[in-house]
Amino acid sequence: MHFHNGHIKLPGVRTYIDPHTYEDPNQAVHEFAKEIEASCITIERVIGAGEFGEVCSGRLKLPGKRELPVAIKTLKVGYTEKQRRDFLGEASIMGQFDHPNIIHLEGVVTKSKPVMIVTEYMENGSLDTFLKKNDGQFTVIQLVGMLRGIAAGMRYLSDMGYVHRDLAARNILINSNLVCKVSDFGLSRVLEDDPEAAYTTRVRSNRMHF
Ligand code: ACK
């Protein structure tokens, strides 16, 4: 057992570290996310709107590696320091996970503008839209496969000591092989301001917080 930046690390036991426990949030980002040179990224098109700016698809070509399709979340210009911290907080969380059913972080761009979060690309987008668009097209085996994937991702998060708090089909992404991955690690911050929320499992309309 040893101490690391005030956190206790147990050998062989990986647990999630809340980036808020770092005095300097930039230190957390650089501990858990790789810095990517902006020149390695090619933005191709805008695929949606995120909380902090546009979400784009594109390609990542790191030196000595194969070119990869990626999703790129950008932080809009004119952001406040808090917005930058919150935006990059998601990368500090995502970067701690390594599981086939959790969206994989490639890295971040913080040394040039726009600030970006680069993740693996999920061809079929968010699960709720995808299921609505393809209603009745899947076998029970395929649907159960999706559920098993989501459950495996959530079990991994739980084993890591992380509470997602916003499991919903719109926060699951699905790729061309119909593999489902848990995404959106941003909400915990919002709930943290509410002292009751952190300890309550609520069922509110169609949303459950785990
Ligand atoms: O349903 P969608 O196409 O899937 O629209 C939303 C949009 O960006 C805003 O969040 C899509 N999106 C987010 N992350 C990714 C990703 N890693 N791969 C592909 N699409 C993504 C999401």
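Under 8 Å by Cβ, and 6 or more places apart or on different chains, what pairs join a residue from region 120-134 that is under 17 Å from Gly50 (Cβ atoms) and of a type in the set (Asp, Glu) with one that is near the ligand (Cβ under 7 Å from one of its atoms) and outside any loop (DSSP other than H, G, I, E, B)?
From region 120-134, the pairs are Glu120/Ala71.
I'd like to verify a number: residues in region 53-98 that are under 16 Å from Cys40 (Cβ atoms), of a type outside the set (A, V, I, L, M) and in contact with a Lys or Arg (Cβ under 7 Å, 6 or more places away or on another chain), how many?
Adding up the residues that qualify gives 4.
Could you look through region 97-113, keep only residues that are farther than 20 Å from Arg170 by Cα and in contact with an Asp or Glu (Cβ under 9 Å, 6 or more places away or on another chain), and pick out the one that is surrounded by the most Cβ atoms within 10 Å (Cβ to Cβ)?
The residue in question is Val108.
Can you tell me how many residues within region 47-71 are hydrophobic (A, V, I, L, M, F, W, C), within 15 Å of Glu123 (Cα to Cα) and either under 15 Å from the mean Cα position of the chain (by Cα) or within 9 Å of the ligand (Cβ to nearest atom) (or both)?
Summing the residues that are hydrophobic (A, V, I, L, M, F, W, C), within 15 Å of Glu123 (Cα to Cα) and either under 15 Å from the mean Cα position of the chain (by Cα) or within 9 Å of the ligand (Cβ to nearest atom) (or both) in region 47-71 gives 5.
Just checking, which of Thr21, Thr42, Thr74 is of a type in the set (S, T, N, Q), within 16 Å of the ligand (Cβ to nearest atom), in contact (Cβ under 8 Å) with a residue 12 or more places away in the chain and farther than 23 Å from Asn171 by Cβ?
Just a single option satisfies the conditions, and that option is Thr42.
This table checks each residue for (1) surrounded by fewer than 18 Cβ atoms within 10 Å (Cβ to Cβ); (2) more than 9 Å from the ligand (Cβ to nearest atom); (3) farther than 18 Å from Asp184 by Cβ; (4) at pLDDT 95 or above.
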{"position": "Thr119", "(1), (2), (3), (4)": "no, no, no, yes"}
{"position": "Ser126", "(1), (2), (3), (4)": "no, no, no, yes"}
{"position": "Val140", "(1), (2), (3), (4)": "yes, yes, yes, yes"}
{"position": "Val144", "(1), (2), (3), (4)": "yes, yes, yes, yes"}
{"position": "Ser158", "(1), (2), (3), (4)": "yes, yes, no, yes"}
{"position": "Arg170", "(1), (2), (3), (4)": "yes, no, no, yes"}
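The values are calculated or read from the model by the stated rules, or taken from the named source; none is laboratory data. Values in this document were obtained by computation on a predicted structure and should not be read as measured data. Note that we place each Cβ from the backbone using ideal geometry, even for glycine, and neighbour counts take in every protein chain shown.
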